[in-house]
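Below: the structure, in structure tokens.
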Amino acid sequence: MSYDVYVNCHTCGSDLIRPSGCNNMTSNLSKMWTEAGAPLRDFKGKQALEVLPLLQQAVDRLKDDPFYYRTLEPDNGWGNYDNCVEFLERILAACARDPLARLVVSH
């Protein structure tokens, strides 16, 4: 299973993540991003401005304590700390480009 996250531009509807990277990430990392403060499943349908502070805090927490968050890496090898940080940073950047954009999250 995996998560697909899209940040759809409020004027044209185009996805703001895709030009800079992949929209898909293994659900094996959901514990890591949720514990950091970014429960992606709860972001479904929200405007970017609502989740921007949570995403920034989560990225900051991940970067402030990489040793701890690496302990949450899945044993099966599907996903890791670096993947999680990069994925959240792509979502964060897309949200920052258009705070009125809407998030689409499927799991």
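Okay, residues lined up against (1) in contact (Cβ under 8 Å) with a residue 24 or more places away in the chain; (2) part of a helix (DSSP H, G or I); (3) in contact with a Lys or Arg (Cβ under 7 Å, 6 or more places away or on another chain):
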| residue | (1), (2), (3) |
| --- | --- |
| 3 | yes, no, no |
| 6 | yes, no, no |
| 13 | no, no, no |
| 19 | no, yes, no |
| 25 | yes, no, no |
| 29 | yes, yes, no |
| 33 | yes, yes, no |
| 42 | no, yes, no |
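Take residue 45 and tell me if it is out of contact with any Phe, Trp or Tyr (no Cβ under 8 Å at 6 or more places or on another chain), of a type in the set (Gly, Ala, Ser) and at pLDDT 95 or above.
Taking the combined requirement at face value, the residue satisfies it.
Please work out which one of (1) touching a residue at least 12 places away in the same chain (Cβ under 8 Å); (2) open to solvent by less than 70 Å² (accessible area, probe 1.4 Å); (3) not hydroxyl-bearing (Ser, Thr, Tyr) is the condition residue 46 fails and give its number.
So the condition that residue 46 fails would be (2).
Please work out which residue is most open to solvent (accessible area, probe 1.4 Å), limiting yourself to the range 71-107 and to residues that are part of a strand (DSSP E or B) and either more than 16 Å from residue 58 (Cβ to Cβ) or of a type in the set (S, T, N, Q) (or both).
102
Here is a list: 7, 51. Which entry is in contact with a strand residue (DSSP E or B) (Cβ under 6 Å, 6 or more places away or on another chain), crowded, with 20+ Cβ neighbours inside 10 Å and of a type in the set (A, V, I, L, M, F, W, C)?
Residue meeting the stated conditions: 7.
Any residue that is over 14 Å from the mean Cα position of the chain (by Cα) and not basic (Lys, Arg) - is there at least one of those in the range 17-31?
Looking through the range 17-31, at least one residue is over 14 Å from the mean Cα position of the chain (by Cα) and not basic (Lys, Arg).
Taking the stated definitions as given, is residue 58 surrounded by 12 or more Cβ atoms within 10 Å (Cβ to Cβ), free of Cβ contacts under 8 Å to residues at least 40 places away in the same chain and aliphatic (A, V, I, L, M)?
Considered against the rule, which asks whether it is surrounded by 12 or more Cβ atoms within 10 Å (Cβ to Cβ), free of Cβ contacts under 8 Å to residues at least 40 places away in the same chain and aliphatic (A, V, I, L, M), residue 58 comes out as yes.
The values are calculated or read from the model by the stated rules, or taken from the named source; none is laboratory data. Just so it is clear, the structure is predicted and the values come from calculations on it, not from any experiment. A quick note on method: Cβ atoms are made from the backbone with ideal geometry, for glycine too, and the neighbour counts reach across all protein chains shown. Heavy atoms of the whole protein, side chains included, go into the accessibility calculation; ligands, DNA and RNA do not. Shrake-Rupley method; radii C 1.70, N 1.55, O 1.52, S 1.80 Å.
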